[in-house]
Amino acid sequence: MIPEETDDVSDCFLDVPVAGPSKLTKHNVINEAVDGLSRSKLAHLISSTLTTSIDTMPSTLTQTITHSKPSPLLALQPQTENEILLMAALRESQEINDSLLNRNIALQAGNLLDEVYCGNAKVALQTQETKKKKVTGTLPDGLACVLTADEFFEAWVDFEREQRSEAKAKETRKDSRAAWKEAKAEWQ
């Protein structure tokens, strides 16, 4: 039986039964995986909404990793050719386990460093999102200043009034600072 032509080749295999005790199709398995993921701390990965800096980042689960002791069987002296082959296979297996253990340690360390980096990036993003930017020529909400409706005109007048009062306060502080320096110089 040949499946109908589709744009996505993977769609052809979604209704194929999955090997195992149950008669689930791949489509059902994928749906169950998505449902399970949506109930976990990683639900934001499959969410249709954009991730913001307020969203919590899932933490890395680490485990203490200990190096295993070499097998006492490696100390035995092989007597037959079969034992020699088995000892070589045991040594090779021990080397593979050691390299996988070292790789696991490196991956855990990388995950922890990534978590620290992402945490710092999240803080920087939150700071950038909350920082107010004042740009001359636009209203405080970012609308252009050429709008002529009464509400826009009033918002622009309020914005300019606020700008003038801030400039005046800054000038007053500057004058008082200069007067204080002058008084200090006279006193000395």
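Quick one: net charge of I46's neighbours, Cβ under 15 Å, K/R +1, D/E -1?
-1
Summing Lys, Arg as +1 and Asp, Glu as -1, what charge do residues with Cβ under 12 Å from the Cβ of V157 carry, V157 excluded?
-4
Under the 0.36 nm per residue contour assumption, what length would be gained going from the current alpha-carbon distance of N104 and T25 to full extension?
The span from N104 to T25 would gain 25.1 nm if fully extended.
Just so you know, all these numbers are worked out from the coordinates, no wet-lab data involved. From a predicted model like this one, the values you see are computed outputs, not experimental measurements. Using ideal geometry, Cβ is built from the backbone for each residue, glycine included, and neighbour counts are taken over all protein chains shown.
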